[in-house]
1. Pairing the Cα long axis of helix 234-243 with the longest principal axis of the chain, what angle in degrees results, from 0 to 90 and rounded to the nearest 10?
2. Region 36-94 to region 255-301: how many Å between their Cα centroids?
3. If you place +1 on the Cβ of every Lys and Arg and -1 on the Cβ of every Asp and Glu, how big does the dipole about the Cα centre of the chain come out, in debye to the nearest 20?
4. Using Cβ counts within 10 Å as a stand-in for footprinting exposure, how do Arg228, Arg17, Arg191 rank, fewest first?
5. Going by C-beta contacts inside 10 Å, put Asp294, Asp7 in order with the fewest on the left.
6. Highest first, please rank the peptides 270-281, 65-76 by the mean number of other Cβ atoms sitting within 10 Å of their residues.
7. Given a cut-off of under 8 Å on Cα pairs at least six residues apart, what relative contact order in percent is computed for the chain?
8. With the dipole of region 101-273 worked out from charges on the C-beta (+1 for Lys and Arg, -1 for Asp and Glu) around the Cα centre, which of Asn171, Gly150, Ala227 lies farthest toward the positive end?
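Every read-out reported here was derived from the displayed coordinates using simple, explicitly stated rules and does not represent laboratory data. Note that this is a predicted model, so its numbers are computed, not measured. Virtual Cβ from ideal backbone geometry, glycine too; neighbours counted across all protein chains shown.
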Amino acid sequence: MKSIFLDCNDQLAPIFRRVRRAGDPPVALNMTPFEPRDLPRVLDGYEICLDDHSNMPTKLIAQCGALKHIVFLGTGAASYMDVAAIEKLGVKVHTIKGYGDRAVAEHTIALMFACARDIARMDRDIRAGTWVTREGSQLAGKTLGVIGLGGIGAEVATLATGIGMDVIAWNRTPRGDATVPLVDLDELLARADVISLHLSLNDETRGMIDAARLARLKPGAILINTARGGLLDEAALIAALRNGTLRHAGLDVFHDEPLKLNHPLTKMENATLTAHAGFLTPEASETLMRRAIDIVKGIAG
């Protein structure tokens, strides 16, 4: 079966080549940028497509007559395609879980520290010629509420416990293997000094952290989102940052990416922003590429 890495780039290509093994099926690496409308042309004749983060409109996939499998490099395929609609066309969508759990968890903890100590703001001040020593807060002894206790959430809980935080969690389904206390969501929101989101995005979770739930937070709480931007009601988040309901937000994901220059969040001193980079480490990327090749190998036989 012919396979193509649809949107390979200069960063991913050497990692992909490094993890290849003798006996792996051939995969063409497309390094040439293309317009969305050209997707059927680029995929012409290919039965398997590896997709990093390119949009896959259903109407265009319907024009790809040979295509039978899309291997999405990550977990958030639903943000880039209508998975159910594409699978109705006879194209199976594969996702890859767990490859970057530790990487995202460490990024989450980094954002917690950055928010608690106002690190990004002081960095901006100093670069602008202003020396202001800003008071921060210690995380040790504070309560962290983890919303979503899957692979990443569990890693965050472990790391946070290690720095002396009291960790509680809420999960949509029971977790008999939970290593921290599970509580109701309303209780978590009321008790936590720091809230960290680790849910997948679907119809049940979209916009679930809305104005009503933000209003339940402790005054001065910190909110971290390294999961999906759509989990948050963005207007309610901005209002909470402006009125002081939230002391600070650390955000790695947004409703629309890349974030536009004039977006309100870019003007807020109590928002620390990163460019959807939580998963991006050499270690995680190697694991991701290897698992993608293994999926192709399993399909191709």
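1. Orientation of helix 234-243: about 20 degrees from the principal axis.
2. 19
3. Charge dipole of the chain: 220 debye, to the nearest 20.
4. Ordered by Cβ neighbours within 10 Å, fewest first: Arg17, Arg191, Arg228.
5. Exposure proxy ranking, most exposed first: Asp294, Asp7.
6. Order by mean packing, descending: 65-76, 270-281.
7. Numbers: 553 pairs, mean separation 52.6, N = 301.
Computed value for the chain: 17 percent relative contact order.
8. Result: Ala227, furthest along the dipole toward the positive end.
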